[in-house]
Amino acid sequence: MSQQAETLDVERIREDFPILEREFDGSRLVYLDNAATSHTPEQVVETIAEYYRRYNANVHRGIHQLSQEASIAYEEAHDRVAEFIGAEGREEIVFTKNTTESMNLVAYAWGLNELGPGDEVVLTEMEHHASLVTWQQIAKRTGAECKYIPITDEGRLDMEAARELITDDTEMVSVVHVSNTLGTINPVSELADIAHDHGAYAFVDAAQSVPNRPVDVSEIDADFLAFSGHKMAGPTGIGVLYGKEHILEGMEPYLYGGEMILKVDFEDSTWNELPWKYEAGTPVICQGIALAEACEYLDDIGMERIQRHEAELAEYAYERLTERNDVEVYGPPGDDRGGLVAFNLDGVHAHDLSSILNDSAVAIRAGDHCTQPLHDVLGATASARASFYVYNTRAEIDRLVEAVDDARQLFA
């Protein structure tokens with residue numbers, strides 16, 4: 001490991017996550033399902049508890065002290081998240097309940113109004129269902145067409161094909177930043193440039209990138225970007241939609257009701273200022289405040305250090321698994337991928353493998369990882385996936401490989 005990466009005190013970090021101390025039948029938990037949901041440090045748990053113990057109240061509706069405190073904390077949470085991803089301010093940060101809702105917000109608020117016959121939405125073959133299904137169904141409603149950038153044999157995007165597929169008829173390019181199955185790190189800034197050259201918007205699914213590497217929306221020049229709190233040491237029930245202010249200003253709301261309005265009479269209504277225009281009803285108050293604390297926690301560790309740590313774990317896992325002749329690993333080489341490895345063990349279904357690993361207290365994901373079309377391209381019905389975060393170690397990867405050995409013996 002590099003000298004800089006060695007300064008990441010993983011054992012100290014693990015102390016912030018008591019759940020990692022759990023044992024099952026005498027074996028210490030090895031949690032390698034972080035691409036689905038990461039664990040939550042004590043600092044964030046305490047922030048949640050403090051909210052409910054000290055200033056639990058609705059926001060933007062009360063003059064009393066508790067409401068004032070909650071409103072300030074909730075608004076400042078938008079500021080903190082904006083800072084975390086390089087947005088210009090809270091006006092560009094909409095809190096949702098997850099990445100999927102963020103995708104749907106744009107698809108309904110923008111897509112239903114702007115797309116029509118002859119228009120195109122360009123996706124990739126490695127899109128998560130949150131993106132693929134959403135745009136697929138919006139295209140069906142509007143008469144637009146979805147096109148898909150193919151992947152190479154190595155699991156990368158075919159950029160030559162991308163330049164051919166993105167045309168003046170393209171209205172939206174929606175692309176995953178880091179594939180949750182292949183680990184591929186896509187050139188989202190380059191794709192945004194291509195989209196903009198043709199007058200299209202660029203939407204980045206950053207669910208697997210914002211948690212574990214520095215992401216700056218101004219550098220990417222994404223028009224929209226979405227991610228979830230529960231994959232980045234935050235709570236469940238909180239997602240983020242970033243949108244350029246002028247675009248969000250021009251879109252119609254996705255949900256109607258309280259909080260998102262400015263003035264209402266029996267004939268018509270006008271909308272609140274950004275970002276509240278898109279946060280109808282009682283919002284995700286506690287979750288948003290806790291997400292801001294998660295951003296603080298990760299920044300204290302250092303996003304570049306987290307990225308190096310995950311990359312080294314992914315490379316080590318790739319090496320350990322590919323040295324076997326009975327394992328197929330999907331995606332780019334180990335030194336050029338995000339912090340996960342999807343694979344299959346010859347003759348063993350991924351679900352069976354996951355069950356056997358669970359007997360050794362090794363938690364992984366098994367299935368299609370919400371990328372069924374991609375698995376069709378790969379010729380696999382499912383795959384096993386080990387995904388890493390800031391608190392994982394090489395020793396845990398060794399435990400994973402030992403458990404795979406046990407499975408091999410069982411099915412020999």
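The values are calculated or read from the model by the stated rules, or taken from the named source; none is laboratory data. Since this is a predicted model, take the numbers as computed values, not measurements. Cβ: placed from backbone, ideal geometry, glycine included. Neighbour counts: every protein chain shown. Please note that ligands, DNA and RNA were not included when accessible areas were found on the heavy atoms of the full protein model with its side chains. Shrake-Rupley method; radii C 1.70, N 1.55, O 1.52, S 1.80 Å.
Observations, loosely collected:
- What you get for the stretch 334-412, charging only the Cβ of Lys and Arg (+1) and of Asp and Glu (-1), is a dipole of about 180 debye around the Cα centre.
- Inter-label distance, His198 to Asp216: 2.8 nm, where each label sits 7 Å from its Cα along the C-beta direction.
- Cα gyration tensor shape of the stretch 62-207, rounded if a/c is under 1.5, else prolate or oblate by comparing a/b with b/c: prolate
- DSSP bridge analysis restricted to the stretch 45-300 gives an antiparallel fraction near 45%, rounded to the nearest 5.
- Counting only alpha carbon atoms, the long axis of helix 65-85 and the longest principal axis of the chain meet at about 60°.
- Prolate/oblate/rounded label for the stretch 24-65 (Cα gyration tensor, a/c 1.5): prolate
- Cα lying deepest toward the dipole's positive end in the chain, options Gly116, Gly379, Tyr51, charges on Cβ: Tyr51
- Computed from the Kirkwood radius of its Cα pairs, the Stokes-Einstein diffusion coefficient for the stretch 275-412 at 10 °C and 1.306 mPa s stands at 94 µm²/s.
- Excluding exposed DSSP-loop trypsin sites (Lys or Arg not before Pro) (at most 13 other C-beta within 10 Å), longest clean stretch of the chain: 62-412
- Ignoring the sites themselves, the chain has its longest run without chymotrypsin sites (Phe, Trp or Tyr not before Pro) in a DSSP loop having at most 16 other Cβ atoms within 10 Å at 1-255.
- Using C-alpha pairs under 8 Å with a sequence gap of at least 6, the mean separation divided by the residue count of the chain gives a relative contact order of 21 percent.
- Magnitude of the charge dipole, the stretch 172-226, Cβ model with Lys/Arg +1 and Asp/Glu -1, debye to 20: 260
- Most mobile of Leu345, Leu262, Leu353 in a GNM of the chain (Cα contacts under 10 Å): Leu262
- The chain - charge dipole about Cα centre, Lys and Arg +1 at Cβ, Asp and Glu -1, debye rounded to 20: 1080
- Applied to the stretch 16-24, the Karplus parametrisation 6.51 cos²θ - 1.76 cosθ + 1.60 on θ = phi - 60° returns per-residue 3J(HN,Hα) values of 7, 10, x, 4, 6, 8, 5, 10, 10 Hz, with x for Gly and Pro.
- Reported to the nearest whole Å, the Cα centre-to-centre distance from the stretch 365-385 to the stretch 76-90 is 35.
- Accessible-area composition of the stretch 45-300, carbon plus sulfur, in percent [1.4 Å probe]: 45
- Rg and Dmax of the chain, Cα atoms only, in Å: 21.9, 73
- Using the 1.4 Å probe convention, the accessible area of the chain works out to 41 Å² per residue with neighbouring protein chains retained.
- Summed side-chain charge close to Thr371 - residues other than Thr371 whose Cβ falls under 14 Å, Lys, Arg +1, Asp, Glu -1: -3
- Between helix 394-410 and the chain: long-axis angle, C-alpha atoms, 0 to 90°, nearest 10: 60
- When the chain is treated as a Gaussian network with alpha carbon springs shorter than 10 Å, the biggest mean-square fluctuation among Ile19, Ile166, Ile151 belongs to Ile19.
- Taking a ≥ b ≥ c as the square roots of the eigenvalues of the Cα gyration tensor, an a/c ratio of 1.5 or more together with a/b larger than b/c marks the stretch 258-317 as prolate.
- For the chain, the longest principal axis of the alpha carbon atoms and the long axis of helix 285-301 meet at an angle near 50°.
- Most mobile listed residue (Ala57, Ala162, Ala77) in the chain, GNM with C-alpha springs under 10 Å: Ala57
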